[in-house]
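For reference, the structure is listed below as structure tokens.
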Amino acid sequence: MTDDDLLRYSRHILLDEIGIEGQARLQAAHALVIGAGGLGSPVALYLGTAGVGRITLVDHDSVDLTNLQRQIAHTMARVGSPKAESARSAMLAINPTLDVRTICRRADAALLDTLVAEADVVLDCSDNFATRHAVNAACVRHRTPLVAGAAIRFDGQISVYDTRQPDAPCYACIFPPDATTEEAHCALMGVFAPLVGIIGTTQAAEALKLLTGVGESLAGRLLMLDARSMHWDEIRLARQADCPVCAPYRTA
């Protein structure tokens, strides 16, 4: 760790729970971020400012004027640019020492199988169930902890799915892939601008905790936020013994 690193990350290093060793773990870690929009913007910025050494951003979309109401990694000057590249520019403007890889394509099963195998933690910041289930399946196969968030209108939710823990569920245990679920899109339903910041920032915090070994993760718990009243509810989550996604890997 250089003198510049010691200065840049001094507020982390001052924390007894992190210290120099914890900061070194962050610098040696690799985080995979799926989506560089409303949730992915604060995730990418906070992982970068915290000093996660390698970050891979995956997003197939481009920056649009309507994104700027809430997607804080992007600017007017980068409207029309790939979101992953725009977020990378924002991260490097704050912390030029980062190793940020961008993949400007949709996260399909084949790509995820490769990328998740290389990551220490995965953050799902996507906006559709097909991608969420594909990300979860890859994380289960590779036993990689997953931090998943969602936000629409004034409602947000976040949990950690870490099947390295014997009793912790995967995403499919809670949201079965064969269930009939109506997709909610912010283009049609709207989204409260700071909500994605709250959920995305919480995702970043959970990822940093997992990478440093600090505290207790949200594995086995689902936090749900009603931003109208700023009230959080917590639901305990149970692993499903017959889950079609994670059960085969737990008995192998």
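The values are calculated or read from the model by the stated rules, or taken from the named source; none is laboratory data. Treat the numbers as computed from the prediction; the structure is a model and nothing was measured. With ideal geometry, Cβ positions are generated from the backbone for all residues, glycine too; neighbour counts draw on all protein chains shown.
Conditions (1) surrounded by fewer than 21 Cβ atoms within 10 Å (Cβ to Cβ); (2) modelled with pLDDT under 95; (3) within 14 Å of residue 100 (Cβ to Cβ); (4) out of contact with any Gly (no Cβ under 7 Å at 6 or more places or on another chain), marked per residue:
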| site | (1), (2), (3), (4) |
| --- | --- |
| 11 | yes, no, no, yes |
| 16 | yes, no, no, yes |
| 19 | yes, no, no, yes |
| 28 | yes, no, no, no |
| 34 | no, no, no, yes |
| 47 | no, no, yes, yes |
| 74 | no, no, no, yes |
| 80 | yes, no, no, yes |
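Scanning segment 112-139 for residues that are touching a Lys or Arg at 6+ places or on another chain (Cβ under 9 Å) and of a type in the set (A, V, I, L, M), which turns out farthest from residue 56 (Cα to Cα)? Out of the qualifying residues, it is 117. Here the condition is being over 27 Å from residue 216 (Cα atoms) and in contact (Cβ under 8 Å) with a residue 24 or more places away in the chain; of 102, 114, 144, 163, it holds for 102 alone. Scanning segment 75-104 for residues that are outside any helix (DSSP H, G or I) and either over 27 Å from residue 171 (Cβ atoms) or among the polar types (S, T, N, Q) (or both) yields 75, 79, 80, 81, 95, 96, 97, 98, 99, 102.
Quick check on segment 117-128. Is at least one of its residues part of a helix (DSSP H, G or I), out of contact with any Asp or Glu (no Cβ under 7 Å at 6 or more places or on another chain) and buried (at least 23 other Cβ atoms within 10 Å of the Cβ)?
Checked against the condition, which is being part of a helix (DSSP H, G or I), out of contact with any Asp or Glu (no Cβ under 7 Å at 6 or more places or on another chain) and buried (at least 23 other Cβ atoms within 10 Å of the Cβ), segment 117-128 yields no hits at all.
Which of the following residues is crowded, with 20+ Cβ neighbours inside 10 Å, part of a helix (DSSP H, G or I), touching a residue at least 60 places away in the same chain (Cβ under 8 Å) and not aromatic (Phe, Trp, Tyr): 107, 137, 168? I'd like the intermediate steps shown before the answer.
Details: 107 fails: part of a helix (DSSP H, G or I); 168 fails: part of a helix (DSSP H, G or I).
Of 107, 137, 168, the one residue that is crowded, with 20+ Cβ neighbours inside 10 Å, part of a helix (DSSP H, G or I), touching a residue at least 60 places away in the same chain (Cβ under 8 Å) and not aromatic (Phe, Trp, Tyr) is 137.
Go through segment 140-152 and give me each residue that's over 22 Å from residue 249 (Cα atoms), over 12 Å from the mean Cα position of the chain (by Cα) and surrounded by 23 or more Cβ atoms within 10 Å (Cβ to Cβ). Quick ask: steps written out before the conclusion?
Initial filter on segment 140-152 (over 22 Å from residue 249 (Cα atoms)): 149-152.
When the remaining residues are screened for being over 12 Å from the mean Cα position of the chain (by Cα), the result is 151-152.
Across segment 140-152, the qualifying residue is only 151.
Please indicate, with yes or no, whether at least one residue in segment 226-248 is on the phi > 0 side of the Ramachandran plot, modelled with pLDDT of 95 or more and not in a helix (DSSP H, G or I). There is at least one residue in segment 226-248 that is on the phi > 0 side of the Ramachandran plot, modelled with pLDDT of 95 or more and not in a helix (DSSP H, G or I).
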